[in-house]
Amino acid sequence: MNIKCSKIGYGCWQIANERWGYISEKTAMRSINTAIDYGINIFDTADAYGAGYSEKILGRSIGSRRNEIYLSTKVGRVVQSDGTRTINCSKGYIFKAIDSSLKRLSTDFIDFYQLHAYDPNTKLEDTASALLTLKKNGKIRYIGCSNFSIDKFLELSKMIHIDFIQIEFNALEIEDYKRCINVCEQNGTLIMAHSALCRGLLGGKINKDTSFSDKDIRSTDERFYGEKYNSYLRKVKLLNKIAKKLDISLKRLSINFVNSHSQVLTALIGMRNPSQVKENCIDKKHFQLNEKVFKQIYEIAENNFMEIKQ
């Protein structure tokens, strides 16, 4: 893939005004343009985020700056009029959905186009054929998938080349990366890592007294209450010790951890306002973590709060 993405990518679910609380259109647009000013050049959204609202705001924000960035969006999760969600990766639906996404994003092509989920009711051959047609017609450049099992990824990759996949990957959650890295290397598939800061847990500001409104997805996320929350906070404390020894922030350690892995294209982070963009972009230059630090982070992620050996 002859493309150079910024090490930090902008996750646009947070600007959809669903499940993350409300954000004004003006603030979202300022945030996106600040990100471009600070060197972020990949923006990831989905047609299901806010039933197209996230794509629409992203398209309005870009304006004449389209040639400065890469657009990534998803297809397959369908939001019905009553709010229920279904999965549809049929050829007919994909052909209809791509045109709607292009219109909302105010562009004539999408750089990264990915299946948002596996559709058990559609033959993968038909889905693959639709994606190939879109690529042949110049509407998309690179093909990817998200929320696919390894088996379904391999099945699809026998029909078409999968340029990238999107997985959840951060310094607290490494399981998806470990499961997919071998097949990604074998198939020449790159990785977009979403939730690189684990929904804010690795941002350095969340503690045991932090609360979330009922409109925030984290209010019902098991990682943010009960024993799992406490265990994650203990792990964050250990990661913070490593960061302090390196004289960097926890956030910087976490982003560099993700980007130091083979096949990772970018670390996606949700940002809701210009201040968050600036915070995430401070000292954004990537550096490779050494083997000792890697081992310490993996010990924390894999084990129960193992104390860091001095």
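Annotations
Let's see how each residue does on (1) part of a loop (DSSP other than H, G, I, E, B); (2) under 25 Å from D44 (Cα atoms); (3) in contact with a Phe, Trp or Tyr (Cβ under 6 Å, 6 or more places away or on another chain); (4) without any contact (Cβ under 8 Å) to a residue 40 or more places away in the chain:
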{"position": "S219", "(1), (2), (3), (4)": "no, yes, yes, yes"}
{"position": "Y229", "(1), (2), (3), (4)": "no, no, no, yes"}
{"position": "K235", "(1), (2), (3), (4)": "no, no, no, no"}
{"position": "I242", "(1), (2), (3), (4)": "no, no, no, no"}
{"position": "I255", "(1), (2), (3), (4)": "no, yes, no, no"}
{"position": "I269", "(1), (2), (3), (4)": "no, yes, no, no"}
{"position": "N280", "(1), (2), (3), (4)": "no, yes, no, no"}
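- The residues of the stretch 162-193 that are touching a Ser or Thr at 6+ places or on another chain (Cβ under 8 Å) and not hydrophobic (A, V, I, L, M, F, W, C), listed by number, are D163, Q166, E168, N170, E173, E185, N187, T189.
- Where S275 falls short, out of the listed (1) surrounded by 13 or more Cβ atoms within 10 Å (Cβ to Cβ); (2) free of Cβ contacts under 8 Å to residues at least 24 places away in the same chain: (1)
- Being under 20 Å from the mean Cα position of the chain (by Cα), acidic (D, E) and within 22 Å of A117 (Cα to Cα) holds for only one residue in D176, D216, and it is D176.
Let's see how each residue does on (1) under 30 Å from E222 (Cβ atoms); (2) touching a Pro at 6+ places or on another chain (Cβ under 9 Å); (3) at pLDDT below 95; (4) not hydrophobic (A, V, I, L, M, F, W, C):
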| site | (1), (2), (3), (4) |
| --- | --- |
| F95 | no, no, no, no |
| K123 | no, no, no, yes |
| A130 | no, no, no, no |
| M159 | no, no, no, no |
| F169 | yes, no, no, no |
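- Positions within the stretch 5-37 being under 24 Å from Q263 (Cα atoms) and not in a helix (DSSP H, G or I), in sequence order: C5, S6, K7, I8, G9, Y10, G11, C12
- Test: residue in the stretch 180-197 that is of a type in the set (S, T, N, Q), touching a residue at least 40 places away in the same chain (Cβ under 8 Å) and either in contact with a Cys (Cβ under 8 Å, 6 or more places away or on another chain) or surrounded by fewer than 19 Cβ atoms within 10 Å (Cβ to Cβ) (or both): no
- D209 falls short on exactly one of the conditions (1) closer than 22 Å to Y70 by Cβ; (2) acidic (D, E); (3) at pLDDT below 95, and that condition is (1).
- Which listed residue, of Y113, Y118, Y93, is within 20 Å of the chain's Cα centre (by Cα), surrounded by fewer than 24 Cβ atoms within 10 Å (Cβ to Cβ) and either closer than 18 Å to D163 by Cβ or free of Cβ contacts under 8 Å to residues at least 60 places away in the same chain (or both): Y118
- Test result for L268, surrounded by 13 or more Cβ atoms within 10 Å (Cβ to Cβ), of a type in the set (A, V, I, L, M) and over 21 Å from the mean Cα position of the chain (by Cα): no
The values are calculated or read from the model by the stated rules, or taken from the named source; none is laboratory data. The structure presented is a predicted model; accordingly, all values stated were derived computationally and were not measured. Quick reminder, even Gly has a Cβ in these numbers, built from the backbone with ideal geometry, and neighbours come from all protein chains shown.
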